[in-house]
Structure formats: C-alpha cells, structure tokens
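Colleague: First the structure, then my questions, so here it is.
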Amino acid sequence: MPENEATTSQFAPSGSSFQSDCCIVGGGPGGMVLALLLVRQGVRVTVLEAHEDFDRKFRGDTIHPSVLEIFEQIGLSDALLELQHSKIFGPTLRAANTSFNPFDLRRLHTTFPFIMLVPQSRFLDFVARQAGKYEEFDLRFSSKVESLIEENGRICGVCYMGRDGLHEVKAPLVVGADGRFSTVRERAGLVPIKTSPPMDILWFELPHLPGDEASDRVLGGFAMGRVLAVFDRFDHWQVGYVFPKGTYQQVRAEGLESLRKSIAAIEPRFTQHVEALTDWHQLSLLSVEASRCPKWYLPGLLLIGDAAHVMSPIGGVGINYAIQDAVATANILSEHLKARNTSPQDLASVQRRREFPTKLIQRFQTIMQKRVLAPALASTAPTSIPLTVRLLFAIPIIRDLPARLLAFGFRREHVRSIGRSPTGSVMAGASGLANQTKRYR
Ligand SMILES: Cc1cc2nc3c(=O)[nH]c(=O)nc-3n(C[C@H](O)[C@H](O)[C@H](O)COP(=O)(O)OP(=O)(O)OC[C@H]3O[C@@H](n4cnc5c(N)ncnc54)[C@H](O)[C@@H]3O)c2cc1C
C-alpha cells in the first residue's frame, strides 16, 4: 500500500459535521500511538493532522527500548523492526582530549537493548497502517484544527479546515496531541510554564559520502563553545549545531566558512561533508524551550505529549514521553470512552500518572543544560572531558544510570487492556505477549 494512503475515512461523510468517540488532534507519535491503542479496544477514533502527510523536517527519529517493549506488548515489535533502521547502543562523544562512550545500552536488561533509529515519517506510517486495519480508525490529513466546540461548559468537538473547507467533529473526548505549538492548548486557555531556558539550534542536513556506512550512527561532540549532534538518516546525516543563546547574528557574521571549520573541528570525519554547506538557506534556526502545563485537561479535553509538556532536546526523550502518555491515556480511558462517560476525574488520573515522571525528566534535563551544556557553550577553548568524569563512568552502576534513564525514562508504561486483532479475535495485553526470553541485537 502506498505511504499515507492506508487510512482515510471509511465512516465519516465529507460533509460539515460528524461524530466520533474520540477526536485526536495531531498525527505525531503521541496521537498516532494513542489512536492505534484505542481502535484495538473498539473505540472509534478520528485523527486530524494538519499536514498532507507524515513527512516533516523537524522531527526526531528515535524509538527507545521502552517504546519497542510497548510494540512487543501489542504483538507488533517484529513488524516494526522490519522497517529499515539502524541501532544505537550508545553515543560517541568527541572532545579535544578523547573520544568517549559514556554508556552502552547493551548492558540493560531488556529485550531491546538499543535505540531504533528510523525516519519518523516511516514510523508514523507504520502505525497508521496498523491502525488502518481496524474499521474504527479514521485519519484525515490536511485537516487543521482551528477552534474548539464547547457546550454547557464541556468541550464536545473541534472545527477544522480541510481540503474542501470547514468541518466539525463532535466527540465526547478531544485529545490535543498537536505538539509544542499546540492550537488546542491555546484555544483551551491552558498556559504552559517554562521549565528550562531556550536553546538555539541550527538544524541541517549533510550528504552521505562513500565510507560513511562504516561509521557510528549517532555522533556528538563539543569544542570552542559549540555542540554538535549528528544522526544517520541512511541517505543523509541530520545535524543539530548548538551555540550560545542569542548569538545567531554573530554565527552568521562569522560566515559559512567559519561554521564549516567549527563542525569539522568537532567531528574531523565531516571535513569533506561540510563543503556541501554553501548557503544559509540550507540551515534552519530553531529555538527550543522546555515547558509544562500546570493543568492538562478540561471537561471533555485532554492534552498529551509535547502539547502538555515540551521536552528539551537533551537526551532526545520527547517521542518516548509522548508515547508513554498515549499508553497511560489508553489504559485509563478506553473503557470510559467505550461507555462514553469520560469525567474530568478520569482525565485528572492521566495527568497524575504522567506528570511526575515528566517533572523528573525535565528537572534532570534542566540540570544537564545548566551544568554540562552551558559550560561547554561558554568555553572558547578546546573542551576536554575531565579524567574524573571518565573514571566515574567506568563504574558500572554509574555508567548504567544514564542508559536506564534514556532507555526507559522515569516510569515505563505497559499496555494493560485486552485488545482485538484486526480480525476481531481477542489479544493479550502486556503480560500475555511480552516475550521475556528473546533478546534482539
Ligand atoms: C529539531 C528537533 C529534533 C528532535 N529530535 C528528537 C529526537 O531525536 N528524539 C526524541 O525523542 N525527540 C526529539 N524531538 C522532540 C520530539 O520531536 C517531540 O517531543 C515529539 O515529536 C512529541 O510528539 P507529539 O506527538 O506530542 O507531537 P508532535 O510530534 O509535534 O506531533 C504533533 C502533530 O500535530 C500536528 N498539528 C499541529 N497543529 C495542528 C492543528 N492545529 N491541527 C491538526 N494537526 C496539528 C503537527 O503537524 C504534528 O504532526 C525533537 C524535536 C525537534 C524540534
């Protein structure tokens, strides 16, 4: 089946108004995984996605061990791992004095001791194809939600701009999974508070060159007040270049040649690759600021993922946390959604379940940003990794802590509810399907 054609509406007319059991705004990792879990329960779900497909430039590509475990619990991990991907066992950090592997995921007790690196568009398309096997699933691309519908103090639907004009979806629950610039959050008047200072990142691609296949899939390094993070996307390298907040004009004034030299200084292997950077239009400036909403819900409405809490890029945990929110939401709400009686107390339970692990990881990210990233960005000398740090990370229990945090976050959710296969037979939840003896490499 061609990408993104798996799942267009079967039960909704293209008229101006239709009904669903749950309307999810945003087809990112949080919204799509929630949709998959709910349709497995027999809940009719409509997903409204503003873009015309899943292809997006500013997306992460990481599928963490805890997410792979979730897919194992619903019997889809083998199929997911059939997608072309690479595996990360741990980052390689380059500094002036050494190349350093702070941790190794292969030391963890899990069926999936690695991060799966797959272009997010392919991951989302996979989820959409799985969800599309259930007749309850209705995905609408090019459907940008513009406003909420409220009746008697309760949100009961949304208005969206589709390809052919304005429509509305009525549903007992609207889930705002529309990311860090969430329209749903804004229209609901739920205001996030900042949890860490903003970071400026230049985001761009470098070409793959012969010989790249043999190199590490994820690289990171720092030197002279700049930090580099590089991901292999098979046909190109995705690069994030971090520099001190508010100094973009200075970076521009120094010119492209200076930028190319700075990248090659951190990662000498890219000396040739950076020649491809010939125009500032090839680079996008992102300002990423972590935040969290004090309240994630209103009667008839729930926020999950980045809409509820924008994660800092440190550690690349945003996708994992959005998906963990989705699992908690399905676990807590699916029976209520089937009975069409989701109360504010049920929505509060979702926030209670997910707020604490979110607070903890954001606190950890803030500490890393202030204690590790900020000093690295402030230093204009070649940055070294102190011997004490290298010795500390030689102690297994210390070495495994960041690995555990990265792999699982602070609270691993498990798919609890019984689900149906697309053919209607009943499938087990977490305890039934997890294969504890298998270990992928
Ligand atoms: C440059 C960059 C790199 C990143 N790298 C990583 C990484 O490597 N690993 C990691 O874990 N995290 C990474 N993140 C963070 C990660 O992308 C997010 O935390 C994660 O995608 C959040 O998932 P989500 O489903 O909550 O929201 P999103 O992925 O943001 O999805 C929201 C969806 O809602 C849609 N939408 C928005 N508004 C509307 C509307 N009005 N109507 C309908 N649809 C709408 C959007 O088009 C989008 O598809 C990165 C973020 C950035 C910016």
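The values are calculated or read from the model by the stated rules, or taken from the named source; none is laboratory data. This is a predicted model, so every value here is computed, not measured. Here the Cβ is made from the backbone with ideal geometry for all residues, glycine too, and neighbour counts use every protein chain on show.
Colleague: Using beta carbons and a limit of 7 Å, which pairs, at least six apart or on different chains, have the first residue in segment 306-320 and touching a residue at least 60 places away in the same chain (Cβ under 8 Å) and the second one near the ligand (Cβ under 7 Å from one of its atoms) and of a type in the set (S, T, Y)?
Modeller: What qualifies is A307/S182; G316/T62; I319/T62.
Colleague: Still on this structure: Could you identify the single residue in A328, A276, A348 that is farther than 27 Å from L406 by Cβ, surrounded by fewer than 24 Cβ atoms within 10 Å (Cβ to Cβ) and either within 15 Å of the ligand (Cβ to nearest atom) or touching a residue at least 60 places away in the same chain (Cβ under 8 Å) (or both)?
Modeller: Checking each option against the conditions leaves just A276.
Colleague: Let me ask something else about it. Does segment 325-346 contain at least one residue that is among the β-branched types (V, I, T), under 21 Å from M32 (Cβ atoms), touching a Pro at 6+ places or on another chain (Cβ under 7 Å) and not in a loop (DSSP other than H, G, I, E, B)?
Modeller: Looking through segment 325-346, none of the residues is among the β-branched types (V, I, T), under 21 Å from M32 (Cβ atoms), touching a Pro at 6+ places or on another chain (Cβ under 7 Å) and not in a loop (DSSP other than H, G, I, E, B).
Colleague: Are any of the residues in segment 31-53 assigned to a helix (DSSP H, G or I), more than 13 Å from the ligand (Cβ to nearest atom) and of a type in the set (V, I, T)?
Modeller: Within segment 31-53, the subset assigned to a helix (DSSP H, G or I) is 31-40.
Then drop every residue that is not more than 13 Å from the ligand (Cβ to nearest atom), which leaves 37-40.
Going one step further and asking which of them are of a type in the set (V, I, T), we end up with 39.
Yes: one or more hits.
Colleague: May I pose another question? Among the residues of segment 285-294, are any assigned to a helix (DSSP H, G or I) and within 27 Å of the chain's Cα centre (by Cα)?
Modeller: Residues of segment 285-294 that are assigned to a helix (DSSP H, G or I), as a first pass: none.
No, every residue in segment 285-294 fails to be assigned to a helix (DSSP H, G or I) and within 27 Å of the chain's Cα centre (by Cα).
Colleague: Moving on. Is there a residue being modelled with pLDDT under 85 and in contact with a Gly (Cβ under 8 Å, 6 or more places away or on another chain) anywhere in segment 114-133? Walk me through how you get there before you give the answer.
Modeller: Pass one, segment 114-133, residues modelled with pLDDT under 85: none.
No, there is no match, as no residue in segment 114-133 is modelled with pLDDT under 85 and in contact with a Gly (Cβ under 8 Å, 6 or more places away or on another chain).
Colleague: Within the set of pairs 6+ apart or on separate chains, which have a first residue in segment 123-147 that is within 18 Å of S20 (Cβ to Cβ), a second that is within 12 Å of the ligand (Cβ to nearest atom) and part of a loop (DSSP other than H, G, I, E, B), and C-beta atoms under 6 Å apart?
Modeller: F141/E49; F141/E52; S142/E52; K144/A50
Colleague: Checking the conditions here, which among G318, G300 is closer than 30 Å to E136 by Cα and modelled with pLDDT under 95?
Modeller: Residue meeting the stated conditions: G318.
Colleague: Something else now. So which residues in segment 279-302 are closer than 27 Å to G31 by Cβ, aliphatic (A, V, I, L, M) and more than 9 Å from the ligand (Cβ to nearest atom), if there are any at all?
Modeller: Answer for segment 279-302, where residues must be closer than 27 Å to G31 by Cβ, aliphatic (A, V, I, L, M) and more than 9 Å from the ligand (Cβ to nearest atom): L285, A290, L298, L301, L302.
Conditions (1) in contact with a helix residue (DSSP H, G or I) (Cβ under 9 Å, 6 or more places away or on another chain); (2) among the hydrophobic types (A, V, I, L, M, F, W, C); (3) over 19 Å from K194 (Cα atoms), marked per residue:
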residue: Y248; (1), (2), (3): no, no, yes
residue: L256; (1), (2), (3): yes, yes, yes
residue: A276; (1), (2), (3): yes, yes, yes
residue: E289; (1), (2), (3): no, no, no
residue: L302; (1), (2), (3): yes, yes, yes
residue: G315; (1), (2), (3): yes, no, no
residue: N320; (1), (2), (3): yes, no, yes
residue: Q324; (1), (2), (3): yes, no, yes
residue: L333; (1), (2), (3): yes, yes, yes
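Colleague: May I ask you to list the residues in segment 264-278 that are among the acidic types (D, E) and under 19 Å from F100 (Cβ atoms)?
Modeller: Within segment 264-278, E267 is the sole residue that qualifies.
Colleague: Here's a follow-up. Looking at N320 and the list (1) polar (S, T, N, Q); (2) over 28 Å from P357 (Cα atoms); (3) within 11 Å of the ligand (Cβ to nearest atom), which single condition is not satisfied?
Modeller: (2)
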